[in-house]
Amino acid sequence: MHYVLDLWVKEWRETTARGEVLIVRYVDDFAICFQCRDDTDKFLAALKVRLANFHLELHPEKTRLLHFERFASEDRQRRGKGKP
């Protein structure tokens, strides 16, 4: 995973991301945090291609996008949505 994910995320962060990108990884699980929503969408599409190159894929039941910020609960409540 070091070559497939870690080094690639570092390169993606430096060359493509507009905002901050943080990755937390434990063995083969990981969470990635983005400052900009646009980065999230671009990264997810690129990650799927990257993993496919190594005959890997994201687990569909474990992969999801979460709104995670200081005012996420208030923002989602204002828009009529549930917990972030």
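The values are calculated or read from the model by the stated rules, or taken from the named source; none is laboratory data. Computed from a predicted model, the values in this text were never measured in an experiment. Note: ideal-geometry Cβ built from the backbone for every residue, glycine included; neighbour counts use all protein chains shown.
Within segment 1-59, the set of residues being surrounded by 12 or more Cβ atoms within 10 Å (Cβ to Cβ), part of a strand (DSSP E or B) and not aliphatic (A, V, I, L, M) comprises R25, F30, C33, F34. Among the conditions (1) modelled with pLDDT of 95 or more; (2) under 25 Å from E69 (Cβ atoms); (3) of a type outside the set (A, V, I, L, M), the only one that R50 does not satisfy is (2).
Looking at L44, L66 in this structure, which one is modelled with pLDDT of 85 or more and within 11 Å of the chain's Cα centre (by Cα)?
Details: L66 fails: modelled with pLDDT of 85 or more.
Testing whether each residue is modelled with pLDDT of 85 or more and within 11 Å of the chain's Cα centre (by Cα) leaves just L44.
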